[in-house]
Every structure is written in structure tokens, then in C-alpha cells.
Amino acid sequence: MTAVIETAGLGKRYRTLWALADCTVSIPAGHVVGLVGPNGAGKTTLLDLATGMLAPTTGAITVLGGRPAAGPAQLARVGYLSQDAPLYTGLSVADHLKLGARLNPGWNADQARDRVRRLDLDPRRKAGTLSGGQRAQLALTLAIAKRPELLILDEPVASLDPLARREFLQDLMETVGEHQVSVVMSSHLISDLERICDYVIVLVDSRVRVAGPVDELLATHHLLSGPRRDPASLPDGVEVISASHTDVQTTLLVRTSGRVLDPAWMVSELGLEDLVLAYMKQAGASRNRHLEVQK
Amino acid sequence: MIEFHLDARSGVAPYMQLIHQVRHGLRLGLLREGDQLPKVKDVAAGLAINPNTVLKAYRELEYEGLVAARPGIGTFVTGTLDGGSLAAHVPLRRDLQRWLGRARRAGLDDESIEALFISTFRSASEEDIA
């Protein structure tokens, strides 16, 4: 399958500050991709480069094989929802659907109307009077109804209450099941990602720390604990992601494609959340603090 | 039709939880040959999980010969796990209920009953092996 987003040495600099540096990833189609990392890691910058809202300082990026926002045809293939669920507060729900139909050649008016009805949104309501959950759902409706091949979502559920968040994700997963759209979404909420994503990219301090299918990542990372010893004594091909020691015990999080056979280690599996946090912490050790760069 | 649920804190991968629930349903006779499993899209929407996760669970069950996918229609149960013993469940359950009553009258609490059952179960299976 082709890549939905492919970057090589991609970087974005604001004056002296690199918001994203040396980013090389290839995200295959047909996945729901979670982009995780602390504030200021470069998640929004990467997504803005993918939508063409920003131009790269270094390197190259292709989205669905084309240049981001190269023309109307390219724009029609990508749906994008930014952090603040942007709507026109003075326009009604019905106006938003009309606008969507005018601006998007592949607009599916029936689907948009159906969704608005199912969400119980009064078409006459002004967008500015909707609740946060309703606004997010309306914005998702607009992004879905243009029938994109790739849906890019920047922290779509961050500001929603737990119920609205669940409903949003239910609708998103239904859409993925129905229309085979690829999704790339950034989020802080690893517990949500665990249900939803089958591909994860960990971005810390403007660099990609780890990327891959969730199954594969979980199968190749193990937690080892045993009597205290030097991690350097591990066999080749075992990469130590994090290590902690007490006076008698050593605990290691390692990545290896093979099996850990040394009986001195107690090997346990770990969940996605622990794995992601370990990569974040690893980077944190050598970390220069950045300010969150807003566009 | 069965309805799936997910325990986010169990530490068990979501697709494994779905597989367990189908196997559990087959063992208890909640699912029988010919029954349809919930549609992938509906499970994804209902639980807010990735449709690929549901597909993976269904594929695994298919590999085990327990279900079969009919393209465009759905996934159906084709095997059983009760080993033809479902009829025996009723009297066995009655015996177990009687035994539980005796355990309670003897003053055992829930945890003690569970511990006693599991340790007896284990030693019995070990004797079977030996």
C-alpha cells in the first residue's frame, strides 16, 4: 500500500527555534495513526506541514503522493480538523453544510444531513451557540462529508468532556469502518489512542523517537527485571530504552526482535501507554525545554 | 446476537478481549452455530475502537475454525466449544450451587471459596497429568 504521508529530513524553523527537525517517516495507508508527544514536541507543526498550511524549511513531504495543498484536487483528498474545531460562529448549522457543498467538489450532502440529524443538531442554530462537543461533531461532519482519503485531526478531543469524547471517537471509528479513510490524529490521551490507533508515532523535542504498527511495537518491547547488572552486558540486537537500578535490582525496558532467553531476567509484556511514556522519558533526559510554537 | 464490552484497565489487548468474549459465548451456549457476530462497523462504532482491531479478532476466530466470514453479509459462527456437553451444564451447575451453599454455611467468604476452588481445580488437573 502507498504512504499517506511521507517525509524525508523534514524540518521547520521559526527564527532560531526548530519546531520540527530531521523528521523522516513513512505512514502507510489504511491505518488510524496516533501522533503522541509532549506539548511543543512538534505535533501541530508536522500536521500543518502535511496540510500545506506551513512550508518546510528543510526536507520534503508528500501527502497521498502529492505536494500538500498543491491545488484543488489535492485539497479535496485531505480532510483537516484543527485543535479549536474552527467554525463560523455567526453562521447556522445549515449554512455550514451549504458552505461545505459549495467549497468541496466531492461533497456528500446526504451523509452530512444524516449526521446532523443523528447528532440532534438544530440546523437553524448558530455555530457560536453550540456546546464544545456539538461544535467538534459539526466540524467532524464537515471534514467527513467532503469524502477525503486522509483525515488529519489535531487534538480533536482535547477540550471535550468524557461523554462527548467517546461519542466523537465512536463516530470517527464508524467512519473509518465504513469508508476506509486513513486517519492521522495527534493526542495527549494515550488511553484513547490505545483503543483507536493501530499505528503510533512518538514525537519528542521535534524529533521522531519511535514509529510503527502498535502490534509490532508491543511485540518487540519487553520489560526485564532481575538482579542488578550492567545493561551493557545484554546481547547484540537488544536496545535499552530505559533503565532503572536499585542497590539489588535492575529494571530495563528493551527493544528486540528476538526473544530474551537469559533466565536471570523476568520478562513481562507492557502496554502501549508504558511504551510511549518510556520513549518520552528517554528524550526528557537530554531535553532542552521549548516553548509551544503556535502558528 | 452478543454484545461486546471492553475493560480498559484489564491490560488485555482489545482484540484478545473480543476473542475471549466470543469463546466464552460459545462455551456457555450464548452463541450457536449459524449465529451472526456483530458487524465490524457496529462494533467499532459501539466501542469506539479501531475497525482493524475487530477484523483482527474475527480473523483469528476464523483461523481457529470457530467462525466464517461471508463477504458482504457478515461473520457467522461455524464451530462450537461446548464439546456437546451443554446438556450436562444444568445438573453440574445445580451441584455447584449446593456446594456453594455448604461452603457459605461453613463460614467461608467469597475469597476463601474462590481460593479453595482454584487450588482444588489445580491439584486435580495436576493429578490428571501425572
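FYI, it's all coordinate maths here, none of it is from the lab. Computed from a prediction, not measured in an experiment: that's the story for all the values here. Reconstructed Cβ throughout: ideal geometry from the backbone, glycine too, with neighbour counts over all protein chains shown.
Counting other Cβ atoms within 10 Å, keep those with at most 15, restrict to DSSP loop, and tell me which GluC sites (Glu not before Pro) in segment B:42-80 are left. Kindly include the intermediate steps, with their values, before the conclusion.
Values: sites: B:GLU60, B:GLU62, B:GLU64; in loops: B:GLU64.
Of the GluC sites (Glu not before Pro), the ones in loops of segment B:42-80 whose Cβ has at most 15 other Cβ atoms within 10 Å are B:GLU64.
Please express the Cα-Cα pair-distance distribution P(r) of segment B:14-77 as a list of whole percents, one per 5 Å bin, running from 0 to the bin with the greatest distance.
4, 19, 32, 28, 15, 2
Run the simple label-point estimate for B:TYR63 and B:ARG27 please: 7 Å along Cα→C-beta, distance reported in nm.
Output for this residue pair reads 2.1 nm.
Let me know the charge dipole size of the protein assembly as shown about its Cα centre in debye, to the nearest 20, where only the beta-carbon of Lys, Arg (+1) and Asp, Glu (-1) is charged. Please report the intermediate quantities before stating the final value.
Working: 47 positive and 49 negative charges, 293 e Å.
Charge dipole, the protein assembly as shown, about its Cα centre: 1400 debye, nearest 20.
What number does the protein assembly as shown give for Rg over Rh if you use C-alpha atoms and the Kirkwood radius? Intermediate values should be presented prior to the final figure.
On the way: Rg = 25.7 Å, Rh = 24.8 Å.
The Rg/Rh ratio comes out at 1.04.
Any idea how far apart A:ASP262 and A:THR89 come out in nm if each label point goes 7 Å out from Cα toward Cβ?
Inter-label distance under the simple model: 6.0 nm.
Can you tell me, using C-alpha contacts under 8 Å and at least 6 residues apart, the relative contact order of segment A:3-214 as a whole percent?
On the way: 415 pairs, mean separation 62.2, N = 212.
Relative contact order for segment A:3-214 comes out at 29 percent.
In which sequence would B:ASP35, A:ASP161 go, from the one with the fewest C-beta neighbours within 10 Å to the one with the most?
Details: B:ASP35 16, A:ASP161 12.
So the residues, fewest neighbours to most, are A:ASP161, B:ASP35.
Using a 10 angstrom cutoff on alpha carbons, build the Gaussian network for chain B and name the most mobile of B:ALA48, B:ALA115, B:ALA69.
B:ALA115
Structure shown: which of A:LYS12/A:LYS126; A:LYS12/A:LYS98; A:LYS43/A:LYS146 lie over 28 Å apart, alpha-carbon to alpha-carbon? Can you show the working numbers first?
On the way: A:LYS12/A:LYS126 37 Å; A:LYS12/A:LYS98 36 Å; A:LYS43/A:LYS146 24 Å.
Where the Cα-Cα span goes over 28 Å, the pairs concerned are A:LYS12/A:LYS126; A:LYS12/A:LYS98.
Using the Cα centre of chain A as origin and beta-carbon charges of +1 (Lys, Arg) and -1 (Asp, Glu), tell me which of A:SER182, A:GLY34, A:GLN137 is placed farthest towards the positive end of the dipole.
A:GLN137
Defining a contact as two alpha carbons under 8 Å apart and six or more residues distant in sequence, what relative contact order in percent does segment A:90-177 show? Mind showing how you got there, number by number?
Working: 72 pairs, mean separation 28.2, N = 88.
Relative contact order of segment A:90-177: 32 percent.
Using only helices, what value at 222 nm comes out for chain A when you add -39,500 (n - 2.57) per DSSP H run of length 4 or more and divide by the total residues, to the nearest 500 deg cm²/dmol?
Values: 9 runs with 96 residues, N = 295.
Estimated from H runs of four or more residues: -10000 deg cm²/dmol.
What Rg and what Dmax come out for segment A:1-136 when only alpha-carbon atoms are used, in angstroms?
Gyration radius and largest Cα-Cα distance of segment A:1-136: 17.5, 49 Å.
On a 0 to 90 degree scale, rounded to 10, what angle separates helix B:86-105 from the longest Cα axis of chain B?
So the inclination is approximately 40 degrees.
As an exercise, identify the trypsin sites (Lys or Arg not before Pro) in segment B:22-73 lying in DSSP coil whose Cβ has no more than 14 other Cβ atoms within 10 Å. Before the final figure, lay out the partial values.
Details: sites: B:ARG23, B:ARG27, B:ARG32, B:LYS39, B:LYS41, B:LYS56, B:ARG59; in loops: B:ARG32, B:LYS39.
Of the trypsin sites (Lys or Arg not before Pro), the ones in loops of segment B:22-73 whose Cβ has at most 14 other Cβ atoms within 10 Å are B:ARG32.
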